[in-house]
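All remarks here apply to the structure that follows.
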Amino acid sequence: MADYRYLIVGGGMTGDAACKGIRSVDPDGSIGLVGSEPDPPYARPPLSKGLWLGKEESSIWRGTEEQGVDLHLGRTVVSLDLGARTATDDRGDTYGYDRVLLATGGRPREMPGAPEGLIHYRALADYRALRERATEGARVLVVGGGFIGSELAAATAQSGCAVTIVFPEDGICARLLPPDLSGFLNDHFRGKGVDVVAGELVAAVERSDEGFRVTTRGGGAYDADVVVAGLGIVPNDGLAASAGLSADGGIPVDDRGRVDGRDDVFAAGDVAVFPARDLGRDLRVEHEDHAKSHGRQVGRNMAGADEPYDHLPFFYSDLFELGYEAVGELDSRLDTAAEWVEPYRKGVVCYLDAEGRPRGFLLWDVWGKVDAATELIRAGAVLEDGQLRGLVG
Ligand SMILES: Cc1cc2nc3c(=O)[nH]c(=O)nc-3n(C[C@H](O)[C@H](O)[C@H](O)COP(=O)(O)OP(=O)(O)OC[C@H]3O[C@@H](n4cnc5c(N)ncnc54)[C@H](O)[C@@H]3O)c2cc1C
């Protein structure tokens with residue numbers, strides 16, 4: 001049995017960041033990482049952006065092994081014995097630990113009845129499968145108009161594919177963006193040659209001689225060479241639940257990353273529900289900055305740092321030549337106030353609570369203002385005239 005001071009379950013960006021966090025406090029303690037994917041930890045964001053625009057695949061590796069970490073890849077931890085402090089993988093191998101981190105992230109939400117060959121997009125293997133089929137001129141049908149769907153539609157269109165995107169909301173990223181901006185994105189994508197099918201639910205995806213036939217509830221029918229779905233993720237909290245730990249749509253942790261107040265079990269990243277001090281509520285965040293910063297902080301705490309995680313994560317996206325950074329709560333159901341330098345090209349949108357206090361900021365082609373926006377959320381004061389102008393200026 002391999003025995004480790006620190007055992008990391010999950011080889012994503014959070015698992016990698018935790019190894020680096022541990023090493024910043026404890027240069028020598030043994031670390032083992034067990035990951036389901038065959039690849040060592042890598043950056044996921046380029047899978048729907050840079051790799052389609054000429055970035056080399058070799059640029060995505062996180063270099064986890066340079067931290068002196070034993071990587072056990074292509075293995076899934078199937079049980080945890082909290083009393084014995086052991087974890088067992090799907091090949092029957094057991095790992096002992098003093099402290100364990102659950103960095104199990106999420107798996108793509110699957111489309112019911114999806115035929116073989118439909119790609120639920122999340123991992124490097126999915127990128128490679130899509131890349132192979134999304135050659136110039138290929139008909140790509142994207143299901144889902146959120147982050148992943150919109151980025152994939154833009155990336156494959158930029159690679160010369162004939163792209164259709166189908167989603168039930170009125171506009172692209174409509175759950176996140178105010179309706180006018182989301183509607184603008186529909187037009188923008190159409191202007192780039194993408195067939196945007198908004199307000200439509202996919203009824204069935206079937207294999208056809210030439211590839212796939214996708215039908216919608218509204219009676220639409222689309223032929224495609226490849227179908228790729230971005231329907232959000234389901235947190236991988238089953239391992240925690242089966243070990244008797246708290247888990248319900250994620251694993252709740254305290255500000256140190258401890259699960260159920262234990263000193264030997266931690267969770268971080270996409271799977272963790274953590275107290276977001278600045279927003280005064282618990283949050284589960286599915287973004288790179290959080291994976292890196294939470295993973296690192298919780299790794300430090302596993303090694304004894306005993307420091308709170310009080311970072312409000314930011315995120316970003318690229319859609320054709322448009323791009324943004326954002327911080328806090330972006331929910332299109334909230335009231336918003338906007339300041340545009342050029343409508344829908346450059347500006348700031350602030351998401352407000354019922355009292356008019358900022359909960360989140362969308363910085364649309366506005367760069368280097370995440371810290372200033374975070375301060376406005378942190379201050380908890382009613383948004384004043386001129387503050388948005390200050391951010392875009
Ligand atoms: C295509 C794509 C583009 C993205 N773009 C952006 C972006 O532009 N901006 C942004 O902020 N964020 C982006 N994200 C989100 C960001 O990449 C994620 O938030 C981050 O990678 C989550 O890291 P994680 O390690 O917590 O979880 P995951 O990445 O889900 O990693 C968890 C790993 O653990 C493994 N695992 C699960 N259970 C077990 C087990 N029992 N035993 C062993 N291994 C297990 C999984 O297979 C997986 O490899 C993007 C995500 C994707 C998929």
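The values are calculated or read from the model by the stated rules, or taken from the named source; none is laboratory data. Everything quoted here is computed from the prediction, not taken from an experiment. Backbone-built Cβ (ideal geometry, glycine too); neighbour counts: all protein chains shown.
Brief remarks on what is shown
- Of all the criteria given as (1) without any contact (Cβ under 8 Å) to a residue 40 or more places away in the chain; (2) surrounded by fewer than 19 Cβ atoms within 10 Å (Cβ to Cβ); (3) under 21 Å from the mean Cα position of the chain (by Cα), the one not satisfied by LEU33 is (2).
- Residue ID - surrounded by the fewest Cβ atoms within 10 Å (Cβ to Cβ), chosen from residues in the stretch 57-68 that are out of contact with any Pro (no Cβ under 8 Å at 6 or more places or on another chain) and of a type in the set (D, E, K, R): GLU66
- Take the conditions (1) within 16 Å of the ligand (Cβ to nearest atom); (2) modelled with pLDDT of 95 or more; VAL349 misses just one of them, which is (1).
- Scanning the stretch 1-19 for residues that are crowded, with 19+ Cβ neighbours inside 10 Å and either more than 20 Å from the chain's Cα centre (by Cα) or near the ligand (Cβ under 6 Å from one of its atoms) (or both) gives TYR4, TYR6, LEU7, VAL9, GLY10, GLY11, GLY12, MET13, THR14, GLY15.
- Qualifying residues in the stretch 221-249 (those that are in a loop (DSSP other than H, G, I, E, B) and without any contact (Cβ under 8 Å) to a residue 24 or more places away in the chain) - the one nearest to the ligand (Cβ to nearest atom): ALA247
- Only one of ALA87, ALA114, ALA43 that is within 23 Å of ASP289 (Cβ to Cβ) and either more than 14 Å from the ligand (Cβ to nearest atom) or at pLDDT 95 or above (or both): ALA43
- Scanning the stretch 79-93 for residues that are in contact with a strand residue (DSSP E or B) (Cβ under 6 Å, 6 or more places away or on another chain), loosely packed, with under 15 Cβ neighbours inside 10 Å and in contact (Cβ under 8 Å) with a residue 24 or more places away in the chain gives a single hit, SER79.
- TYR97 vs. criteria more than 8 Å from the ligand (Cβ to nearest atom), in contact (Cβ under 8 Å) with a residue 60 or more places away in the chain, out of contact with any Lys or Arg (no Cβ under 6 Å at 6 or more places or on another chain) and of a type in the set (Ser, Thr, Tyr): no
Listed here are the residues, each with its yes/no results for (1) under 18 Å from ILE8 (Cα atoms); (2) among the basic types (Lys, Arg).
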position: VAL227; (1), (2): no, no
position: VAL259; (1), (2): yes, no
position: ASP270; (1), (2): yes, no
position: ALA276; (1), (2): no, no
position: ARG284; (1), (2): no, yes
position: ASP289; (1), (2): no, no
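- Members of the stretch 39-56 that are in contact (Cβ under 8 Å) with a residue 60 or more places away in the chain and either closer than 22 Å to THR86 by Cβ or surrounded by fewer than 24 Cβ atoms within 10 Å (Cβ to Cβ) (or both): ASP39, TYR42, ALA43, ARG44, PRO45, LYS49, LEU51, TRP52, LEU53
- When each of ARG256, ARG262, ARG296 is tested for being touching a helix residue (DSSP H, G or I) at 6+ places or on another chain (Cβ under 9 Å), in a loop (DSSP other than H, G, I, E, B) and over 24 Å from GLU110 (Cα atoms), the lone residue that passes is ARG256.
- Among the residues of the stretch 251-281, those that are out of contact with any Lys or Arg (no Cβ under 9 Å at 6 or more places or on another chain) and among the acidic types (Asp, Glu) comprise ASP254, ASP260.
- Qualifying positions in the stretch 275-300 - farther than 19 Å from PRO46 by Cα and either within 19 Å of the chain's Cα centre (by Cα) or within 13 Å of the ligand (Cβ to nearest atom) (or both): PRO275, ALA276, ASP282, LEU283, ARG284, HIS294, GLY295, ARG296, GLN297, VAL298, GLY299
- Among the residues making up the stretch 46-83, those that are in a strand (DSSP E or B) and either within 11 Å of the ligand (Cβ to nearest atom) or under 15 Å from GLY15 (Cβ atoms) (or both) are TRP61, VAL69, ASP70, LEU71, HIS72, LEU73, VAL77, VAL78, SER79, LEU80.
- Scanning the stretch 199-221 for residues being out of contact with any Pro (no Cβ under 8 Å at 6 or more places or on another chain) and over 23 Å from TYR127 (Cβ atoms) gives a total of 13.
- ALA303 in contact with a strand residue (DSSP E or B) (Cβ under 9 Å, 6 or more places away or on another chain), among the aliphatic types (A, V, I, L, M), more than 13 Å from the ligand (Cβ to nearest atom) and in contact (Cβ under 8 Å) with a residue 60 or more places away in the chain: yes
- Candidate set: the stretch 144-160, residues that are more than 12 Å from the ligand (Cβ to nearest atom) and surrounded by fewer than 24 Cβ atoms within 10 Å (Cβ to Cβ); chosen: the one farthest from the chain's Cα centre (by Cα): GLY160
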